[in-house]
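The values are calculated or read from the model by the stated rules, or taken from the named source; none is laboratory data. Predicted, not measured: the structure shown is a model, and the values here were computed from it. Positions of Cβ are generated from backbone atoms using ideal geometry, with glycine treated the same way; all protein chains shown enter the neighbour counts. Quick note on the areas: whole protein, heavy atoms, side chains included, nothing else; ligands and nucleic acids left out. Shrake-Rupley method; radii C 1.70, N 1.55, O 1.52, S 1.80 Å.
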Amino acid sequence: MENNNIELITRLVMEALEEKEDTGKGYLVPIGVSARHIHLTQEHVEILFGKGYQLTKKKELMGGQFASNELVTIVGLKLRAIENVRVLGPVRSKSQVEISATDAIKLGVKAPIRLSGDLKGSAPIAVVGPKGVVYLEEGCIIAQRHIHMSPKDAMAAGVKDKDIVSVKADNERGTVFNHVQIRVDDSFTLEMHIDTDEANAAKISTGQTVTIMK
């Protein structure tokens, strides 16, 4: 191989690795703590908020998603409820409620740990808005911990879409998270998502970093 080609390849690899610090012990990933939230179909948006209603944007999120200004109440068995659950947009093909294990106990629902969109056989739940009520026969889950990555980040970390990795938080709790799924897409920004239970137990907050273990 010609020297020019070797130098070019070396430079490209080094640039990719320098995008995020790698200490030689693993790949650093920022944390995003995900509070309970709900995704809705347009049909359900209109039932809950009124005919023709459109979600209004509060804050941009990764991958074209956004936190909306709209809030709902979710109701589990025996009419146990949690108010002010934020709706995320844009609308989806299926409605989905994502809660923590503590929320599941409070609501009295047996929500399984699932990746977003894997709803078959998940827990039933009712959703109450200012204009109406929607009952979901399935759709309530505890979100499985996962890491969003761009293809460039995945290459630098040495992982690929759907890989399962372990991640370590090097703080006073020294928590290791196993069974973390890698999710790769051009629209993703590098971030690991955990729920509020996991964050509180490990004393981690949004913006702190964890390390993919090698």
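Within the option set 203, 152, 162, being basic (Lys, Arg), surrounded by 14 or more Cβ atoms within 10 Å (Cβ to Cβ) and either over 26 Å from residue 54 (Cβ atoms) or modelled with pLDDT of 95 or more (or both) holds for one residue only, 152. Considering (1) buried (at least 20 other Cβ atoms within 10 Å of the Cβ); (2) under 24 Å from residue 57 (Cβ atoms); (3) among the small types (Gly, Ala, Ser), the lone condition that residue 100 does not fulfil carries the number (2).
For the range 174-187, the criterion of being closer than 16 Å to residue 205 by Cβ, in contact (Cβ under 8 Å) with a residue 24 or more places away in the chain, assigned to a loop (DSSP other than H, G, I, E, B) and β-branched (Val, Ile, Thr) is met by at least one residue.
Taking the residues in the range 188-200 that are among the charged types (D, E, K, R) and in a strand (DSSP E or B) as candidates, determine which candidate is surrounded by the fewest Cβ atoms within 10 Å (Cβ to Cβ). That would be 191. When residue 85 is tested against (1) modelled with pLDDT of 95 or more; (2) open to solvent by 40 Å² or more (accessible area, probe 1.4 Å), exactly one condition is not met: (2).
How many residues are free of Cβ contacts under 8 Å to residues at least 40 places away in the same chain and surrounded by 14 or more Cβ atoms within 10 Å (Cβ to Cβ) when one looks only at the range 124-147?
Of the residues in that region, 3 qualify.
Counting only residues that are out of contact with any helix residue (DSSP H, G or I) (no Cβ under 7 Å at 6 or more places or on another chain) and either in a loop (DSSP other than H, G, I, E, B) or open to solvent by 60 Å² or more (accessible area, probe 1.4 Å) (or both), the range 41-76 holds 15 of them.
Being out of contact with any Leu (no Cβ under 8 Å at 6 or more places or on another chain) and modelled with pLDDT of 95 or more is the filter here, so list the residues in the range 106-117 that pass it. Spell out how you get there, then give the answer.
Just the residues of the range 106-117 that are out of contact with any Leu (no Cβ under 8 Å at 6 or more places or on another chain), to begin with: 106, 110-117.
Selection gives 106, 110, 111, 112, 113, 114.
Here residue 134 passes the criteria (1) part of a strand (DSSP E or B); (2) within 28 Å of residue 178 (Cα to Cα); (3) among the aliphatic types (A, V, I, L, M) except the one numbered (2).
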